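The values are calculated or read from the model by the stated rules, or taken from the named source; none is laboratory data. Please read all numbers here as calculations on a predicted model, not as lab measurements. When we count neighbours, we look across all protein chains shown, and the Cβ atoms used for this are built from the backbone with ideal geometry, even at glycine. In case anyone asks, the SASA skips ligands and DNA or RNA and just uses the protein heavy atoms, side chains included. Shrake-Rupley method; radii C 1.70, N 1.55, O 1.52, S 1.80 Å.
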Amino acid sequence: MCGIIGILGVEAVALPMVDSLKLMEYRGYDSAGVATLEDGKLVRRRAEGKLKNLDARLAMQPLYGTSGIGHTRWATHGKATEAAAHPHATDEVAGVHNGIIENCKSLREGLEADGHTFESETDTEVGVKMVQRELDRGLSPIDAVAAVIPQLRGVYAFEFLFAEDENLLVGVQMGAPLAIGFSDDGEKVSLGSDVVALAPHASKIMYLEQGDIAVVRRTGVTVLNDGKIVSRLTQKIDPEAAKADKGPYRWFMAKEINEQPVVLQKTLSAYVDLMSGTIKPIALDFEKIKKVYILACGTSMFAALIAKHWIERDAKVTTIVEIASEFHKSDAPLEAGDLAVFISQSGETGDTLASLRFAKAAGLQIVSILNVLTSTMARESDIVLPMHVGPEIAVASTKAFMGALMVLACLAFAFAKAKSVLEDEAALVVELTSVPGLVAQVLLLDPQIEAFGRELSKFKNAFYLGRGTNYALALEGALKLKEISYIHAEGQAAGEVKHGSIALIDEHMPSVVIAPSDRWFEKTISNLQEVQARGSPIFLITDETGKGEVSVPTIATLVLPEVSGITAVFVYAAALQLIAYHAAVATGTDVDQPRNLAKSVTVQ
Ligand code: AGP
């Protein structure tokens with residue numbers, strides 16, 4: 001949700017911290033700020049909006065301190081203003097924070113009763129003032145933080161800088177990610193949300209665990225948990241994990257869409273033995289599994305809806321897909337030994353992580369399909385199935401969605417194989433290995449897809465209609481469009497529209513109809529005719545066979561390669577990604593960092 005960084009160095013740290021914050025902008029970009037120690041005083045520079053505004057502020061009013069903390073924000077409490085920007089500070093302590101303090105209201109009331117005043121509505125400022133109150137009671141900085149933490153409820157990470165000690169950062173990991181970076185020359189130690197933030201300053205990394213309080217000094221680090229000193233593993237940083245640049249593309253999203261044919265081959269080779277043309281086994285106790293739950297959010301949840309079809313068809317096991325934010329507070333009658341699958345690009349999504357812990361507590365087998373393998377979910381899963389698609393920076397998830405689908409298909413096949421019910425494994429493997437090439441064919445249709453997207457961008461609303469796996473694609477296509485172009489879009493089960501939503505149909509409500517010539521085609525075209533008859537402008541996505549069957553006029557018809565089964569999902573998903581991308585470019589929005597969003601939503 002937010003990105004936090006702290007550095008103890010030998011040179012000025014303000015600009016190196018801003019470099020880290022820029023690499024973490026995908027976590028949130030409503031406002032940003034840094035604080036350093038200058039001649040024993042805490043000095044801050046903060047700015048509303050994107051990091052470039054903080055850059056400008058620092059250019060006019062530079063900071064020279066060699067100890068500092070910094071933050072880029074996705075607003076959870078209070079508006080995205082400069083006053084709400086972190087770091088929050090008193091004369092003696094400054095703090096930055098990622099996550100939520102759920103009981104901040106009552107804590108704030110207690111502080112106000114003790115005479116403290118506030119400049120913002122943020123929960124972060126409450127945390128900082130709590131530490132100040134302990135300093136006022138005579139506690140040392142470390143003891144002050146240790147006294148405050150048990151009073152805070154929620155999932156968060158904090159970093160504190162103290163005016164009295166320029167060789168000290170105190171970090172707290174309470175469920176949100178936090179790690180320590182060590183430079184080769186030993187001259188710099190850093191504290192940040194993830195490897196992307198630390199890689200520019202460190203060659204080794206230490207991931208903190210829940211409940212850890214890190215006492216960070218240039219001369220060394222001590223980690224406390226529950227009052228006792230604990231040791232945490234230090235490992236080398238994978239340079240790949242921190243690398244992300246746009247290459248020849250204007251937007252990360254364009255790069256990541258176009259990378260798909262290549263990265264999907266990498267995913268494929270991790271789960272399919274390409275020499276023998278067989279599905280590799282997955283080390284799960286499949287015999288025990290009577291039900292499968294798949295939990296995720298947003299785009300990842302739509303991948304789950306598609307996987308349900310594959311697992312039930314091939315492994316013949318009831319598969320339940322739930323929105324993660326609904327699942328972890330549900331009364332689902334979970335059976336130990338059943339399988340819970342979690343899908344998450346970031347591995348830090350708060351609702352999905354809460355669902356993982358809920359299922360783990362019930363004794364289910366925990367499998368996570370992730371892209372970030374250093375994430376909290378990776379550390380808490382029984383088995384991690386990597387997506388292998390490389391860093392995904394654009395907020396709109398594309399290659400991670402496709403990578404998840406590839407893994408889910410292989411999981412379904414491996415499950416069926418383990419139960420000896422997989423039919424025609426060789427044919428399925430041929431289907432899977434054809435996916436990267438077919439996606440590449442869709443990318444070659446970019447000019448037609450750009451025209452399609454531009455036409456769609458002229459509307460303020462849109463329905464996306466589909467049946468079966470095309471319904472899940474309708475949900476995904478609508479989400480892609482609305483989250484980057486701000487055009488209101490709703491994915492609908494095509495057969496459901498006549499039960500209510502059809503009241504919204506008129507010439508201002510176009511329908512994007514996803515209709516490969518598959519087993520749902522005829523019924524989907526009937527639904528197309530129902531909405532077209534009531535004035536809906538039609539945007540049809542089909543293949544040559546389908547195009548020949550449809551006689552109604554359309555605003556645009558996109559003809560995709562003639563495919564079926566598993567491969568159709570990838571082909572139509574790629575087209576939907578490009579449609580949304582071109583609609584957003586035509587609309588002029590910030591394609592990679594759309595308003596109000598963040599790449600990793602760590603709050604629940
Ligand atoms: C996808 O385009 C969205 N940005 C969003 O729905 C995302 O899929 C969701 O927040 C889940 O993220 P995760 O895969 O990192 O858990």
Conditions (1) buried (at least 16 other Cβ atoms within 10 Å of the Cβ); (2) in a helix (DSSP H, G or I); (3) among the aliphatic types (A, V, I, L, M): number failed by Leu465: (2)
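Which residue is nearest to the ligand (Cβ to nearest atom), if the candidates are limited to segment 295-309 and must be open to solvent by 10 Å² or more (accessible area, probe 1.4 Å) and of a type in the set (A, V, I, L, M, F, W, C)? Walk me through it before giving the result.
The initial filter retains those residues of segment 295-309 that are open to solvent by 10 Å² or more (accessible area, probe 1.4 Å), namely 297-302, 305, 308-309.
Next, from what is left, pick out any that are of a type in the set (A, V, I, L, M, F, W, C): 297, 301-302, 305.
On the way: Cys297: 4, Met301: 8, Phe302: 8, Leu305: 13 Å.
Here the answer is Cys297.
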Any helices (runs of 4 or more DSSP H) falling wholly within segment 215-280 and containing at least 3 residues that are in contact with a Pro (Cβ under 8 Å, 6 or more places away or on another chain) and either modelled with pLDDT of 90 or more or open to solvent by 70 Å² or more (accessible area, probe 1.4 Å) (or both): 260-271
Segment 70-119: number of residues that are open to solvent by 10 Å² or more (accessible area, probe 1.4 Å), part of a loop (DSSP other than H, G, I, E, B) and modelled with pLDDT of 90 or more: 9
Residue count, segment 295-321 (criterion: within 20 Å of Ser381 (Cα to Cα) and outside any loop (DSSP other than H, G, I, E, B)): 10
Top-ranked residue of segment 380-394 - restricted to ones that are surrounded by fewer than 21 Cβ atoms within 10 Å (Cβ to Cβ) and hydrophobic (A, V, I, L, M, F, W, C), ranked as nearest to Leu364 (Cα to Cα): Ile383
Single condition Ser501 does not satisfy, out of (1) within 23 Å of Leu444 (Cβ to Cβ); (2) open to solvent by 20 Å² or more (accessible area, probe 1.4 Å): (1)
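For the subset of segment 189-214 comprising residues that are small (Gly, Ala, Ser) and not in a loop (DSSP other than H, G, I, E, B), which member is nearest to Phe160 (Cα to Cα)?
So the first thing to find is which residues in segment 189-214 are small (Gly, Ala, Ser), and the list is 190, 192-193, 197, 199, 202-203, 211, 214.
Going one step further and asking which of them are not in a loop (DSSP other than H, G, I, E, B), we end up with 190, 192, 197, 214.
Values: Ser190: 12, Gly192: 12, Ala197: 17, Ala214: 10 Å.
Selected residue: Ala214.
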Which listed residue, of Val552, Val569, Val531, Val513, is open to solvent by less than 50 Å² (accessible area, probe 1.4 Å), modelled with pLDDT under 95 and out of contact with any Lys or Arg (no Cβ under 8 Å at 6 or more places or on another chain): Val552
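To keep it simple, each residue is scored yes or no on (1) polar (S, T, N, Q); (2) within 16 Å of the ligand (Cβ to nearest atom); (3) in contact with a strand residue (DSSP E or B) (Cβ under 6 Å, 6 or more places away or on another chain); (4) open to solvent by less than 20 Å² (accessible area, probe 1.4 Å).
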| site | (1), (2), (3), (4) |
| --- | --- |
| Ser397 | yes, yes, no, yes |
| Met402 | no, yes, no, yes |
| Leu405 | no, yes, no, yes |
| Ala412 | no, no, no, yes |
| Ala427 | no, no, no, no |
Segment 340-358 - residue that is at pLDDT 95 or above and either of a type in the set (S, T, N, Q) or out of contact with any helix residue (DSSP H, G or I) (no Cβ under 8 Å at 6 or more places or on another chain) (or both) and, of those, surrounded by the most Cβ atoms within 10 Å (Cβ to Cβ): Ser344
Leading residue by the ranking (farthest from the chain's Cα centre (by Cα)) among those in segment 157-178 that are among the hydrophobic types (A, V, I, L, M, F, W, C), part of a strand (DSSP E or B) and at pLDDT below 95: Met174
Residues satisfying the stated conditions in segment 376-395, i.e. in contact with a Ser or Thr (Cβ under 9 Å, 6 or more places away or on another chain) and within 9 Å of the ligand (Cβ to nearest atom): Met377, Glu392
Condition broken by Gln593, with the remaining ones in (1) over 16 Å from Phe459 (Cα atoms); (2) in a helix (DSSP H, G or I) satisfied: (2)
Verdict on Lys291 being basic (Lys, Arg), on the phi > 0 side of the Ramachandran plot and either away from the ligand (no atom under 15 Å from the Cβ) or out of contact with any strand residue (DSSP E or B) (no Cβ under 8 Å at 6 or more places or on another chain) (or both): no
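Run down Lys399, Lys329, Lys360 and say which single residue is basic (Lys, Arg) and under 13 Å from the mean Cα position of the chain (by Cα).
Numbers: Lys329 fails: under 13 Å from the mean Cα position of the chain (by Cα); Lys360 fails: under 13 Å from the mean Cα position of the chain (by Cα).
Answer to the check: Lys399.
Right, Ala324: touching a Phe, Trp or Tyr at 6+ places or on another chain (Cβ under 9 Å), closer than 29 Å to Lys482 by Cβ and crowded, with 24+ Cβ neighbours inside 10 Å or not? Break it down stepwise before answering.
Working: touching a Phe, Trp or Tyr at 6+ places or on another chain (Cβ under 9 Å): yes; closer than 29 Å to Lys482 by Cβ: yes; crowded, with 24+ Cβ neighbours inside 10 Å: yes.
Here the answer is yes, as Ala324 does meet what is asked.
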Within segment 520-542, tally of residues that are touching a residue at least 40 places away in the same chain (Cβ under 8 Å), assigned to a loop (DSSP other than H, G, I, E, B) and over 32 Å from the mean Cα position of the chain (by Cα): 2
